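The values are calculated or read from the model by the stated rules, or taken from the named source; none is laboratory data. Bear in mind that the values here come from a model prediction, so they are computed numbers and not experimental data. Every residue, glycine among them, receives a Cβ derived from its backbone with ideal geometry; neighbour counts consider all protein chains shown. Note: accessible area is taken over every heavy atom of the protein model, side chains too, but ligands, DNA and RNA are not part of it. Shrake-Rupley method; radii C 1.70, N 1.55, O 1.52, S 1.80 Å.
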Amino acid sequence: MSQNQSSEEVLLREITALKGRIAEMESLQTERSHTEAAWRAAKEEWEQSFNALTDDVCILDKAGKILRANKAMRNRFKPLHDDLIGLDYRMVYYGTVEPSFCPPWEAVLSGALSVMVEAWLPKLPGWFLVSCYPLYDVAGNQWGAASVVKDVTERKRVEEVLRDVAQWAPAAGSAAFFRSLVTYLARALDVEYAFLAEFAGENHEILQTLAVHANQEITENEGYRLAETAAVKASQGQRCSYAGGLRQQFPNDPLLMKWPIESYIGHPLFNSLGQPVGIIAAMDSKPLRNARLAGSILGVFAVRASAELERKCTEDALRDSEERYRTIAENTYDLICETNSTGTFLYLSPNFKEVLGYKASDLLGETIFERMHADDRTVARAEFERSIQTEHAGQAVYRYCHKNGEWRWFESTAKAFRTATRDIRAVVVSRDITERKKMEEERLRASKLESVGVLAGGIAHDFNNLLTVIVGSLSLAKMSVNPQDGHFQQLSAAENAALRAKGLTQQLLTFAKGGAPVRKATAIGELLKESASFALRGSKVRCEFTVPSNLPPADIDEGQISQVISNLVINAQQAMPTGGVLSIRAEVVTIRDEFSTLRLPLEESKYVQITFEDHGIGILPEHVTKIFDPYFTTKKKGSGLGLATSYSIIKNHQGHITMKSAPGVGTTFCICLPVSKRQVEVPMVVSNRPRTGKGKVLIMDDEEAIRGLLVQILTLSGYHTEVAKDGAEAVVLYKRGKECGRPFDAVIMDLTIPGGVDGKETIKNLIEIDPHVKAIVSSGYANDPVMADFREYGFSGVVVKPFKMVDLTEVLHHVINNHNS
């Protein structure tokens with residue numbers, strides 16, 4: 001029994017062990033089933049990933065046979081090979097199992113760890129990146145390789161374009177550069193259209209294309225309103241990108257209207273200040289393949305285009321500046337030159353020829369100081385050197401020799417600067433101030449004459465009053481002496497001497513401020529011939545006259561102009577001591593605004609121009625500016641008043657006098673006098689005896705001696721007289737006479753009454769009392785032009801102190817009997 005129990009226990013243990021073994025086997029079987037399912041899932045997932053790769057991927061055995069190939073690779077070679085499995089990779093990529101050069105796969109198949117290289121594959125177009133990795137078994141033995149072939153043709157093309165753009169120098173100029181740039185851009189992005197434009201107009205409202213690439217060629221540039229274009233965002237510094245719908249958003253964009261554009265990407269161009277100045281854009285009739293990549297590429301082009309556009313703008317501005325400077329330099333009357341630091345001419349504006357007579361080639365290589373007047377050179381050079389050293393503006397006034405030998409005055413400003421090579425240069429701008437200098441000299445001369453005139457006027461006034469008494473007393477004395485008596489001759493000689501003294505006072509009066517000539521319309525041609533011939537009587541100088549018969553009259557004071565003619569003729573005679581010919585020409589000239597060649601300070605009108613030309617010794621240059629100064633003379637016995645008097649006389653006639661001279665050649669004086677608008681007056685016939693008459697005459701003068709003299713003269717001539725010492729008393733007497741029925745037939749009044757009512761004011765009061773008053777103005781000195789235009793002030797006649805008894809009675813007779821004529 002115990003033996004049976006033992007067998008049963010063993011059996012039970014064996015059965016239990018068997019059940020455990022079976023359970024274990026069942027567990028192992030279940031685990032294996034799960035593992036196989038996972039493996040199959042992993043295999044399927046790997047296959048999907050393998051075939052999803054866009055690059056060519058294959059597994060090679062150790063000999064280079066293709067064991068597996070992904071879908072991308074099979075599709076690429078399907079036209080050539082139905083099935084790639086078992087084919088040699090060399091045949092697939094090279095078309096032969098023995099290529100002429102070693103493929104990159106060989107290194108890995110020979111035991112190298114891995115390889116990655118760009119390669120050209122004969123059976124495929126373009127460039128490819130080949131990556132190859134070894135494959136090992138569990139024992140570590142290489143049994144094959146994994147190959148990845150990536151198409152990098154597009155990337156390589158873009159890289160080449162970008163490299164060219166980054167390295168390219170615009171040697172052919174901005175226009176050629178921009179054309180090439182848009183051509184490269186179209187190639188890099190593989191688009192049909194590209195353009196580059198700048199913002200133009202006052203407010204950048206215009207888009208002006210600089211280069212346009214369309215359909216593989218460069219087209220014409222054009223400008224249009226920026227607001228109507230797809231580039232409007234670029235003006236605000238924003239990138240422009242449109243995938244479609246362009247025509248609806250910008251129906252007036254000229255480029256969109258011209259071409260079938262669907263996609264558009266643009267990048268703003270900036271200057272160095274960060275301001276948008278233009279745009280570079282690419283467009284196509286189909287959507288862009290990779291907008292992000294296209295934007296990046298466009299950004300690279302934009303950087304290059306911005307730099308070139310700013311360079312273009314800088315060059316344009318420089319060119320405009322140079323053109324503006326050239327235009328100014330070549331068209332301004334001012335002289336512009338450039339010199340080096342020593343003052344040597346490097347450039348001269350063309351008007352040097354017009355202003356100074358020199359061509360640029362005449363002066364290039366000379367210094368600016370060589371033809372400068374020696375007296376001005378030291379100061380001018382010092383100022384120039386100071387400007388060079390400090391680079392501050394320097395100014396100088398100097399004389400420069402004209403090509404014809406004439407000295408011209410210039411006012412110059414020099415400004416130094418440094419060139420890009422650090423050389424010192426100077427720009428000198430010079431203005432011809434010769435005429436201004438002459439005007440300044442004339443003003444100075446006038447000021448001198450005015451100073452003399454203040455003194456001369458007072459002296460002449462008082463002296464003429466004395467002469468009036470003397471001449472009048474002599475005239476009275478002659479009336480009481482028989483003309484055959486010797487005393488009569490003595491009295492006549494004294495009278496003539498006193499009248500010659502009148503000529504001296506007349507010269508003094510010429511300098512007096514306001515001393516206007518007593519002018520009337522005069523046939524100046526006859527006066528010219530008579531005065532010149534008289535002045536040359538008995539000399540060795542002969543006059544040649546060129547005076548047209550139809551020469552119009554001039555408004556002149558005959559005595560003063562005769563004095564001018566005599567002064568100029570005598571000067572010419574003294575300049576030709578051995579004899580010669582003095583040419584005197586008269587003609588009519590019209591001074592207009594465009595008649596600038598005369599450069600005369602005269603009002604626009606017609607003038608009689610008289611020229612005196614001698615061939616004498618001439619005048620030294622240092623004396624030229626002084627000849628019209630009072631008391632300046634180079635003659636041993638000269639008074640220095642001749643030309644100064646002539647100057648004042650012509651000036652008081654609203655005319656002008658000029659002179660030019662050259663030592664040893666001769667001197668030419670030229671005077672201009674206004675043509676008269678009146679007819680020549682018929683002169684009164686004056687007898688040698690005082691004219692008698694009848695009537696009542698009022699005498700007004702501040703000098704008692706003159707009042708007494710006039711009473712005697714007029715009483716002897718048959719007139720009744722009353723006297724007044726000033727204008728207030730004269731008005732009272734005139735008014736009383738008119739009211740009492742015993743009116744005055746004439747009034748003789750002094751123009752100047754110191755401390756009292758003068759003649760100018762008195763005549764106004766008399767006209768109020770009697771509009772037909774007959775008044776004669778008398779003066780030896782006038783502060784205004786009353787003596788010249790006496791009728792304009794209400795006077796009927798004029799007598800100039802000192803006067804002879806004959807002259808006074810003649811004027812009085814004429815006024816009383818011919819007042820209305």
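Computing FRET efficiency as 1/(1 + (r/R0)^6) for residue 313 and residue 163, where r is the C-beta to C-beta distance and R0 is 25 Å, gives about 0.40.
Shape analysis of the range 49-158 places it in the rounded category; the axes a ≥ b ≥ c from the Cα gyration tensor give an a/c below 1.5. If the segment from residue 228 to residue 133 were pulled out straight at 0.36 nm per residue, it would be longer than the present Cα-Cα gap by 28.5 nm.
Cross-link reach is defined here as a Cα-Cα straight distance under 13 Å, omitting same-chain residues fewer than 8 places apart; for residue 696 the aspartates and glutamates meeting it are 722, 745.
Which of 774/801; 43/71; 725/760; 156/258; 694/738; 520/626 have a Cα-Cα distance over 23 Å? List each step's numbers first, then the result.
Details: 774/801 19 Å; 43/71 16 Å; 725/760 15 Å; 156/258 32 Å; 694/738 18 Å; 520/626 31 Å.
Over 23 Å apart, Cα to Cα: 156/258; 520/626.
Any aspartates and glutamates with Cα under 20 Å of the residue 286 Cα? List them, leaving off those in the same chain fewer than 8 positions away. Straight-distance partners of residue 286: 154, 190, 192, 217, 253, 262.
Per the Debye formula with a single identical scatterer at each Cα and no solvent contribution, what log10 I(q)/I(0) holds for the range 262-403 at q = 0.16 Å⁻¹? Those come out to -0.91, one per q.
Round to a whole number: what % of the accessible area of the range 725-773 belongs to carbon and sulfur, probe 1.4 Å? Answer for the range 725-773: carbon and sulfur cover 51 percent of the accessible area. With all protein chains kept in place, the per residue accessible area of the range 696-747 amounts to 47 square angstrom at a probe of 1.4 angstrom.
Tally up the carbon and sulfur contribution to the accessible surface of the range 351-407 as a whole percent, 1.4 Å probe, everything protein left in place.
48 percent
Apply the a/c threshold of 1.5 to the C-alpha gyration tensor of the range 197-251 and tell me whether it is rounded, prolate or oblate. Taking the square roots of the gyration eigenvalues as a ≥ b ≥ c, the range 197-251 is oblate. Shape of the range 684-821 from the C-alpha gyration tensor: rounded (a/c under 1.5, with a ≥ b ≥ c the square roots of its eigenvalues).
Loop-located trypsin sites (Lys or Arg not before Pro) in the range 680-780 (DSSP state not H, G, I, E or B) with no more than 11 neighbouring Cβ atoms inside 10 Å: 694.
Surface composition of the range 174-286: carbon and sulfur atoms hold 45% of the protein heavy-atom accessible area at a 1.4 Å probe. Considering only alpha-carbon pairs that sit under 8 angstrom and 6 or more positions apart, the relative contact order computed for the range 45-193 is 18 percent.
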